[in-house]
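Peer 1: Below is a structure I'd like to ask you about.
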Amino acid sequence: MAKKAFITGIAGFVGSHLAELLLAQGYEVYGLLRPRSKTDHIEAIIPKLHLEDADLMDSHSLYTTINRIKPDYIFHLAAQSFVPTSWVSPSVTLEVNIVGSANLFEAVRQAGLDPVIQIACSSEEFGLVHENELPIKETNPLRPLSPYAVSKLAMDYLGYQYYESYKVRIIRTRGFNHTGPRRGD
């Protein structure tokens, strides 16, 4: 039986590439898709995907979906990920990125599942970096400088807390800027 991977943010830049890779490796791929999400990036592979109508902000729909699928791996890529938007709508950024992540972690915990969860944190968490701290190391102090960076730092530490408190297998990655096909402006 194929391993099950669940991707939040499957229709985005990174999520769409990850879905293609996982399909090529024989995974059964599920994706969280809100009704208003654009599907341009996954149009060619939609017939091979299991798209789920749930929302990170709706804990009940998220729990129901996670409990039904019982994924082996979860890649948490969904977020309000545009730094300038975080200045315009800080509350929305904090809510989606922090509360949405907590809802996902709780859905997994309450369902009694044990998937490996990768969460997409951000290099923005480092924020203020002094010249003598270059190149940045993982041990560098975190000094976030935007609502987006604060939201990602909180999600990062929430992942750590769920691992320490509940042994939820969360892998925290702090990606730096990346680009490629399908990357928006």
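The values are calculated or read from the model by the stated rules, or taken from the named source; none is laboratory data. Everything numeric in this text was worked out from a predicted model, so none of it was measured. Neighbour counts run over all protein chains shown; Cβ positions are idealised from the backbone, glycine included. Protein only, heavy atoms only, side chains kept; ligands, DNA and RNA dropped before computing areas. Shrake-Rupley method; radii C 1.70, N 1.55, O 1.52, S 1.80 Å.
Peer 1: Given the structure, is TYR148 at pLDDT 95 or above, farther than 23 Å from VAL83 by Cβ, of a type in the set (Ser, Thr, Tyr) and touching a helix residue (DSSP H, G or I) at 6+ places or on another chain (Cβ under 6 Å)?
Peer 2: For TYR148, the condition - at pLDDT 95 or above, farther than 23 Å from VAL83 by Cβ, of a type in the set (Ser, Thr, Tyr) and touching a helix residue (DSSP H, G or I) at 6+ places or on another chain (Cβ under 6 Å) - is not met.
Peer 1: In this structure, does THR93 turn out to be open to solvent by less than 20 Å² (accessible area, probe 1.4 Å), out of contact with any Phe, Trp or Tyr (no Cβ under 7 Å at 6 or more places or on another chain), modelled with pLDDT of 95 or more and not in a strand (DSSP E or B)?
Peer 2: no
Peer 1: Limited to region 28-74, what total is found for residues that are more than 23 Å from GLU95 (Cα to Cα), assigned to a strand (DSSP E or B) and not aliphatic (A, V, I, L, M)?
Peer 2: 4
Peer 1: When the residues of region 121-165 are narrowed to those that are within 28 Å of VAL108 (Cα to Cα), hydroxyl-bearing (Ser, Thr, Tyr) and under 19 Å from the mean Cα position of the chain (by Cα), which ends up surrounded by the most Cβ atoms within 10 Å (Cβ to Cβ)?
Peer 2: SER151
Peer 1: Let me ask another. Please go through region 106-125 and give me each residue that is among the polar types (S, T, N, Q) and either in a helix (DSSP H, G or I) or more than 25 Å from SER61 (Cα to Cα) (or both), ordered by number.
Peer 2: GLN110, SER122, SER123
Peer 1: Right, next: Which of the residues that make up region 12-27 are in contact (Cβ under 8 Å) with a residue 24 or more places away in the chain, out of contact with any strand residue (DSSP E or B) (no Cβ under 8 Å at 6 or more places or on another chain) and either more than 13 Å from ASP40 (Cα to Cα) or assigned to a loop (DSSP other than H, G, I, E, B) (or both)?
Peer 2: Selection gives GLY12, GLU20, GLY26.
Peer 1: Condition first: touching a helix residue (DSSP H, G or I) at 6+ places or on another chain (Cβ under 7 Å) and open to solvent by 20 Å² or more (accessible area, probe 1.4 Å). Now tell me which residues in region 31-41 satisfy that.
Peer 2: Hits for region 31-41 are THR39, HIS41.
Peer 1: Name every residue in region 42-73 that is open to solvent by less than 20 Å² (accessible area, probe 1.4 Å) and out of contact with any helix residue (DSSP H, G or I) (no Cβ under 7 Å at 6 or more places or on another chain), in order of residue number.
Peer 2: Result: THR65, ILE69, PRO71.
Peer 1: What pairs come out if I take residues in region 126-144 that are part of a strand (DSSP E or B) and pair them with residues that are open to solvent by 100 Å² or more (accessible area, probe 1.4 Å) and modelled with pLDDT of 95 or more whose C-beta lies under 9 Å away, six or more apart or interchain?
Peer 2: From residues that are part of a strand (DSSP E or B), the pairs are GLY127/LEU145.
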